[in-house]
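Below is one structure, written out as structure tokens; the observations come after it.
The values are calculated or read from the model by the stated rules, or taken from the named source; none is laboratory data. The shown structure was predicted, so the numbers you read here are calculated from the model rather than taken from an experiment. We place every Cβ from the backbone using ideal geometry, glycine too, and count neighbours over all the protein chains shown.
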Amino acid sequence: MSPRDEVSAARRGPVPSPAPPIAAPSILSADFARLADAVTIVDPARDWLHCDVMDNHFVPNLTFGPLIVGAVRALTTAFVDVHLMITEPARIAPEFRRAGADQITVHLEACNDLVGTLATVRGTGARVGLAVKPGSRLANAERYMADLDTLLVMTVEPGFGGQSFMRDMLEKIAAAAAWRTAHGARYLIEVDGGIAPDTARECRAAGADVFVAGHSVFRQPDARAALEALRQAFRGDASTPDA
């Protein structure tokens, strides 16, 4: 991305999000040698494109940075959803926004000054998300939730793809949906980890709006068909087979 393009990205607002429910295929499970082909399965009118950024500090894995997000932005007009699994993300969040992130999600557990970090993300012009690990109580996030665009409920431990869905997180999803209704909040509830057609149906029933899926989409023989099966599952098509 040229300096001129970076300035343009920083000034424009986020790409409008489609209405929920929304599929968010994670490029972490895609073939990076064929990334341009991989992202074509995403329908900007229905889907987000999810980017999992890990720093080998907050989580044990190391993935990619703004350079790849910028490449993704150049390949799609879809909403680009960036999940920062990094310690103290405020220092680098603006770079992800300049690269083309439409939403930047930080972790409750990764910030010494979470109020300041959320304000930094908001100040970039991106939508603001907050992620909560499985072991963290939703109550610890409540003081921030009224101002969020997205609350990401992790349904596996962050750090690696391909883990099994943690069904005890359904209670947390339902609690987040109940809190949203009780307080008139506007955040979307996103789920990430072990999401496939069967678990997407369960999460949707609990109140989830956005469904991040990596292996169940990009590691299938036909990723486009797998994504459509996921969409049908959370939209309530009973005829959809499990992946």
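Of the residues M166, M145, only one is closer than 20 Å to R127 by Cβ, aliphatic (A, V, I, L, M) and in contact (Cβ under 8 Å) with a residue 12 or more places away in the chain; which? It would help to see each step written out before you state the result.
Numbers: M166 fails: closer than 20 Å to R127 by Cβ.
Step by step, each of M166, M145 is checked, and only M145 is closer than 20 Å to R127 by Cβ, aliphatic (A, V, I, L, M) and in contact (Cβ under 8 Å) with a residue 12 or more places away in the chain.
Working only within the stretch 60-87, note down all residues that are within 28 Å of N112 (Cα to Cα), surrounded by 17 or more Cβ atoms within 10 Å (Cβ to Cβ) and more than 16 Å from the chain's Cα centre (by Cα).
G70
Just the residues that are more than 22 Å from A24 (Cβ to Cβ), in a helix (DSSP H, G or I) and touching a helix residue (DSSP H, G or I) at 6+ places or on another chain (Cβ under 7 Å), please, taken from the stretch 118-153. Give the derivation first.
Restricting attention to the stretch 118-153, the residues satisfying the condition of being more than 22 Å from A24 (Cβ to Cβ) are 119-120, 123, 135, 137, 139-140, 142-143, 146.
This time we only want the ones that are in a helix (DSSP H, G or I), so: 119-120, 123, 139-140, 142-143.
If the condition is that a residue be more than 22 Å from A24 (Cβ to Cβ), in a helix (DSSP H, G or I) and touching a helix residue (DSSP H, G or I) at 6+ places or on another chain (Cβ under 7 Å), then T120, N140, E142 are the ones that fit.
Would you check which residues across the stretch 25-52 are among the charged types (D, E, K, R) and not in a strand (DSSP E or B) and list them?
Step one: filter the stretch 25-52 for residues among the charged types (D, E, K, R), giving 31, 34, 37, 43, 46-47, 52.
Listed by number, the residues that qualify are D31, R34, D37, D43, R46.
What are the residues in the stretch 16-30 that are polar (S, T, N, Q) and touching a Gly at 6+ places or on another chain (Cβ under 8 Å), if any?
Looking only at the stretch 16-30, we keep the residues that are polar (S, T, N, Q), and these are 17, 26, 29.
The answer is S26, S29.
For the stretch 58-114, name all the residues that are assigned to a loop (DSSP other than H, G, I, E, B), among the β-branched types (V, I, T) and in contact with a Gly (Cβ under 9 Å, 6 or more places away or on another chain).
Looking only at the stretch 58-114, we keep the residues that are assigned to a loop (DSSP other than H, G, I, E, B), and these are 58-61, 63-65, 76-78, 86-88, 92, 100-102, 111-113.
Pick out the ones that are also among the β-branched types (V, I, T) and you get 59, 63, 76-77, 86-87, 92.
Correct list: V59, I92.
Among the candidates M154, M166, M145, which residue alone is surrounded by 23 or more Cβ atoms within 10 Å (Cβ to Cβ), touching a strand residue (DSSP E or B) at 6+ places or on another chain (Cβ under 9 Å) and not charged (D, E, K, R)?
M154
Given the structure, is A182 farther than 20 Å from P18 by Cα and either out of contact with any Cys (no Cβ under 9 Å at 6 or more places or on another chain) or not polar (S, T, N, Q) (or both)?
Working: farther than 20 Å from P18 by Cα: yes; either out of contact with any Cys (no Cβ under 9 Å at 6 or more places or on another chain) or not polar (S, T, N, Q) (or both): yes.
In short, yes.
Closer than 23 Å to M145 by Cβ, surrounded by 21 or more Cβ atoms within 10 Å (Cβ to Cβ), at pLDDT 95 or above and over 15 Å from the mean Cα position of the chain (by Cα): which single residue out of A99, A110 fits that description? Spell out the reasoning first.
Values: A99 fails: closer than 23 Å to M145 by Cβ.
Of A99, A110, the one residue that is closer than 23 Å to M145 by Cβ, surrounded by 21 or more Cβ atoms within 10 Å (Cβ to Cβ), at pLDDT 95 or above and over 15 Å from the mean Cα position of the chain (by Cα) is A110.
Among the residues of the stretch 211-228, write down those that are assigned to a loop (DSSP other than H, G, I, E, B) and closer than 15 Å to Q163 by Cβ. Quick ask: steps written out before the conclusion?
In the first step, residues of the stretch 211-228 are kept if they are assigned to a loop (DSSP other than H, G, I, E, B); the result is 214, 219-222.
G214, R219 - these are the residues of the stretch 211-228 that are assigned to a loop (DSSP other than H, G, I, E, B) and closer than 15 Å to Q163 by Cβ.
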